[in-house]
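Student: This is the structure I have questions about; it appears just below.
The values are calculated or read from the model by the stated rules, or taken from the named source; none is laboratory data. Here the structure is a predicted model, which is why all the values come from computation and not from measurement. Methodologically, a virtual Cβ is constructed for each residue, glycine included, from the backbone with ideal geometry; neighbour enumeration extends over all protein chains shown.
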Amino acid sequence: MKFGLFVLVILAAVLWWGHLKKQHRAKRREAETVAPPESIVACLVCGLHVPASDAIVSTSGASFCCEAHRQLHPDA
């Protein structure tokens, strides 16, 4: 009876350990798939912050939130 209880406790511990390792692997995989944050730039005219991929950049390198603000700037 004592031996059976001992085996049952060991089996439960092994199953619990495997479950924890599985959760840890899933969290690590999820963390690896998250994209890095995108840089944010401010519009030179109004100061609105937009993602760098959405910003309109002039030939001088200045960032704008829209084409109308790019045309307002004298360096455009």
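Student: Report yes if Arg29 is among the basic types (Lys, Arg) and loosely packed, with under 10 Cβ neighbours inside 10 Å, otherwise no.
Tutor: Against the criterion (among the basic types (Lys, Arg) and loosely packed, with under 10 Cβ neighbours inside 10 Å), Arg29 qualifies.
Student: A further question follows. Answer yes or no: is there a residue in the range 39-52 that is part of a loop (DSSP other than H, G, I, E, B), β-branched (Val, Ile, Thr) and surrounded by 10 or more Cβ atoms within 10 Å (Cβ to Cβ).
Tutor: yes
Student: Being surrounded by 13 or more Cβ atoms within 10 Å (Cβ to Cβ) and under 19 Å from the mean Cα position of the chain (by Cα), is that true of even one residue in the range 55-69?
Tutor: Among the residues of the range 55-69, not one is surrounded by 13 or more Cβ atoms within 10 Å (Cβ to Cβ) and under 19 Å from the mean Cα position of the chain (by Cα), which makes the answer no.
Student: Which condition number does Asp75 fail, the rest of (1) at pLDDT 90 or above; (2) over 27 Å from the mean Cα position of the chain (by Cα) being met?
Tutor: (1)
Student: Taking interchain pairs and intrachain pairs at least six residues apart, which have beta carbon atoms under 8 angstrom, with the first residue in the range 46-71 and under 22 Å from Pro36 (Cα atoms) and the second among the charged types (D, E, K, R) and part of a helix (DSSP H, G or I)?
Tutor: So the pair list comes out as Ile56/Glu67; Ile56/Arg70.
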